[in-house]
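Take a look at the structure below.
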Amino acid sequence: MSIEVLPLDADKRGECPQEFSFGAVFSDHMFRQVFDKGVGWHDAQIVPYQALQLDPSAAVLHYSQEIFEGLKAYRREDGKINLFRPEANCRRFNRSAARMVMPEVEESLHLEALKKLVKLDAAWVPSKDGSSLYIRPAMIATSSKLGLGASSQYTHFIITGPSGAYFAGGFNPIAVYITDEYRRAVAGGVGEAKTGGNYAASLMASEKVAELGYSQVLWLDSIHGQYIEEVGAMNICFVYEGKKIVTPALSGSILPGITRDSILKLAPTLGYEVSEERMDVNQVVADIESGKITEVFGCGTAAVISPVGKLCFMQKDYVVNNNESGPVSKHLYDQLTGIQYGKIEDPFGWITTID
Ligand SMILES: *Cc1c(COP(=O)(O)O)cnc(C)c1O
């Protein structure tokens with residue numbers, strides 16, 4: 001199947017604004033294709049950014065059969081554009097689809113759609129330091145029926161928009177709140193799928209901790225309420241004695257982050273030891289108190305690396321590295337963003353360059 005391109009008239013073309021934050025302005029074009037049971041995917045098109053037409057009875061609006069992805073395009077110094085591990089996003093998209101009983105999308109077509117779309121809207125890939133073009137693929141169930149059951153029609157679409165530097169005020173640590181009250185995902189549930197319902201379920205806890213002055217919730221496992229899972233839209237890593245990076249082992253209810261995986265592959269080449277373990281929250285806070293844990297950081301596409309300066313657990317704050325960002329976080333951040341922006345050679349085959 002090939003992708004038909006319906007470009008905008010030149011006089012309707014928008015312009016990437018000078019100032020932008022995240023997820024508020026969108027580029028000129030979008031990709032979309034539709035699926036019908038018995039027919040498969042068809043009508044793959046790149047079209048001007050526009051509203052979707054949905055029946056009010058569309059399955060996604062009632063039963064949340066939905067998945068999404070998030071990746072970025074980075075402007076290099078030579079003007080070309082890098083995509084970071086887009087194949088990994090396409091594969092994860094299909095794993096999420098399978099879990100949500102949605103049809104998979106042929107990986108090569110998905111990749112082609114990403115590349116074509118970014119190329120067509122290349123003027124929207126910002127060059128300001130730390131900025132990028134955020135790319136959001138998604139799939140929704142569109143059958144018009146309220147009867148429960150997997151939809152027989154789907155729409156897959158991709159939108160993009162400029163994203164500002166995450167650390168506008170410097171590489172500053174965030175404060176996280178370890179909730180002992182709320183749970184994000186349960187064993188056997190959909191925590192490892194990138195599906196909107198996981199976020200809907202997390203909003204109340206996020207709002208509550210924000211009122212207390214914490215910017216993210218750290219989730220514990222749902223069975224014991226004892227093992228560390230992840231933070232908001234990031235995975236989490238703990239640095240022991242400045243040299244060993246430990247992250248919770250994937251449990252089935254943790255989203256397998258591509259940034260997390262990249263750190264596990266990159267860090268050993270920089271001289272760090274890495275380990276995936278079941279991490280008991282009581283041990284972790286004890287290790288922060290004793291100074292064994294020297295740094296904590298979140299990792300995900302949005303921030304890449306986000307240092308954590310303070311964790312609250314059971315009404316007590318545990319301060320990490322004097323609430324300052326540490327050398328290991330900075331080292332990994334510089335190396336990973338260096339690869340993404342094409343400033344450092346990529347020995348892993350992670351970069352796809354669009355010119
Ligand atoms: C997307 C996401 C992450 C981070 O994944 P990356 O591939 O590194 O961006 C972590 N946790 C959750 C819940 C997510 O949705």
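Quick notes on this one:
Yes/no per residue for (1) surrounded by 20 or more Cβ atoms within 10 Å (Cβ to Cβ); (2) at pLDDT 95 or above; (3) within 16 Å of the ligand (Cβ to nearest atom):
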| position | (1), (2), (3) |
| --- | --- |
| Ser108 | no, yes, no |
| Lys115 | no, yes, no |
| Val118 | yes, yes, no |
| Asp129 | no, no, no |
| Pro137 | yes, yes, yes |
| Thr142 | yes, yes, no |
| Leu146 | no, no, no |
| Ser152 | no, yes, no |
| Gly191 | yes, yes, yes |
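- Within the range 46-74, residues that are assigned by TED's automatic domain parsing to the domain that holds Val34 and under 17 Å from Lys119 (Cα atoms) have Cβ atoms under 6 Å from residues that are part of a strand (DSSP E or B) and aliphatic (A, V, I, L, M) in these pairs: Ile46/Val5; Tyr49/Met30; Leu71/Ile135; Ala73/Ile81; Ala73/Leu83; Ala73/Leu133, counting only partners at least 6 apart in sequence or on another chain.
- Neighbours by Cβ (under 8 Å, 6+ apart or cross-chain): first from the range 255-267, among the polar types (S, T, N, Q); second near the ligand (Cβ under 8 Å from one of its atoms): Thr259/Met234; Thr259/Asn235; Thr259/Cys299; Thr259/Gly300; Thr259/Thr301
- Residue that is nearest to the ligand (Cβ to nearest atom), among those in the range 33-90 that are of a type in the set (A, V, I, L, M, F, W, C) and surrounded by fewer than 13 Cβ atoms within 10 Å (Cβ to Cβ): Leu52
- Helices (runs of 4 or more DSSP H) contained in the range 46-150 and holding at least 3 residues within 19 Å of Pro256 (Cβ to Cβ) and of a type outside the set (Phe, Trp, Tyr): 86-99
- Tally of residues being without any contact (Cβ under 8 Å) to a residue 40 or more places away in the chain and in contact with a Cys (Cβ under 9 Å, 6 or more places away or on another chain) across the range 306-351: 1
- Residue in the range 1-45 that is modelled with the highest pLDDT, counting only those that are among the aromatic types (Phe, Trp, Tyr) and assigned to a loop (DSSP other than H, G, I, E, B): Phe26
The values are calculated or read from the model by the stated rules, or taken from the named source; none is laboratory data. Fair warning: this is a prediction, and the values are worked out from it, not measured in the lab. Note that we place each Cβ from the backbone using ideal geometry, even for glycine, and neighbour counts take in every protein chain shown.
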